[in-house]
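Since the structure comes first, as structure tokens, the remarks are kept for the end.
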2 protein chains.
Amino acid sequence: MLEKIHHLGYAVEDLEAAARFYERSFGVAPGGAETVGEQGIVASMFRVGDSLIELMQPTHPDTPVGRFLARRGEGFHHVAFEVADIEVVLAELKKNGVDLVDEEPRLGAGGTRTAFVHPKGAFGVLTELVELSDRGR
Amino acid sequence: MLEKIHHLGYAVEDLEAAARFYERSFGVAPGGAETVGEQGIVASMFRVGDSLIELMQPTHPDTPVGRFLARRGEGFHHVAFEVADIEVVLAELKKNGVDLVDEEPRLGAGGTRTAFVHPKGAFGVLTELVELSDRGR
């Protein structure tokens, strides 16, 4: 059911410094910083093979990523798996009593549908499911 | 220089329970548990697209993964990027003054050569570099 690692989300204090580090040390090309108001982050992405790395800086300390930074410090925040049919996967997770953040898919960037599994339900890893829109396939 | 996400390493308290969770909830097929004495872990892997997820349970609390669990709890432990030439990447990191765990590559499973970048040097993410052997390519 898991097609691939769609992206990894890293929480950082300073998006520009983090993007520069990946660019200089690994020769990747992070995209321009984009504010995602709904999530309270400014984000920049770069491609590694078939996956993306999303660098995320909170717009404010009182946001999910801001609170994460205060609690855990910089580092890995979440993994997102691409799935073919998010409803099927969510149904399976519910059947197994897995702790979910989203019981139903919500609309993500570019027409994707996404849902988060709670870290408590996935052995400490905040796990996102992403179903691409037909356009994004 | 980063070819792909080679694998993600997750630290877990109970390898069998974690493997069962991924198998039941996501339909993946974790391989048999293997003890990696040198690293002080018992590990099981499963494939997601072009990458692997490695579930790691420490063999003893006084191991790197055991201490990680005591300090941080279960969850994401490291990301490994496949690189074409590990010497070139290490040279670049050293030139940029990045904090490394391994100044020189060490031999990994299946003839791979690996080196870790210290989380302090990579915005909180323990980052492994993996160069495949000719056989593994």
Report task. Determine by what factor the alpha-carbon radius of gyration of the protein assembly as shown differs from 2.2 N^0.38 Å, reporting the quotient. Result -> 0.97
Query raised in the report: What are the radius of gyration and Dmax of segment A:13-137, computed over its Cα atoms and given in Å?
Result: 15.3, 46
Query raised in the report: When ligands, DNA and RNA are left out and all protein chains stay put, how many square angstrom of accessible area per residue does the protein assembly as shown have with a 1.4 Å probe?
Result: 47 Å²
Query raised in the report: When the accessible area of the protein assembly as shown is split by element with a 1.4 Å probe, what percent falls to carbon and sulfur?
Result: 48 percent
Query raised in the report: For chain A, what is the relative contact order in percent, using Cα pairs closer than 8 Å and at least 6 residues apart in sequence?
Result: 24 percent
Query raised in the report: Taking a label point 7 Å from Cα toward Cβ, how far is residue A:106 from its twins in the other copies, in nm, shortest first?
Result: 4.2
Query raised in the report: What are the distances, in nm and sorted shortest first, from the label point of residue B:84 to the label points of the same position in each other copy, with each label point placed 7 Å from Cα along the Cα-to-Cβ direction?
Result: 3.3
**Report entry** Per-residue average of Cβ from other chains inside 10 Å of B:51-63
**Finding:** 1
Report task. Between the label point of residue A:70 and that of the same position in each other copy, find the distances and list them shortest first in nm, with every label point placed 7 Å from Cα along the Cα-to-C-beta direction. Result -> 2.9
Query raised in the report: In terms of the Cα gyration tensor, with a ≥ b ≥ c the square roots of its eigenvalues, is segment A:63-131 rounded because a/c is under 1.5, prolate because a/b exceeds b/c, or oblate?
Result: oblate
Query raised in the report: HN-Hα J couplings of segment B:89-100 from phi, Karplus 6.51/-1.76/1.60, θ = phi - 60°, integer Hz, Gly and Pro as x?
Result: 5, 4, 4, 5, 5, 5, 4, 8, x, 7, 5, 10
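The values are calculated or read from the model by the stated rules, or taken from the named source; none is laboratory data. Not measured: the values here are computed from a predicted model. FYI the Cβ positions are ideal-geometry reconstructions off the backbone, even for glycines, and counts take in every protein chain you see. Ligands, DNA and RNA are excluded from the accessible area calculation, which covers all protein heavy atoms including side chains. Shrake-Rupley method; radii C 1.70, N 1.55, O 1.52, S 1.80 Å.
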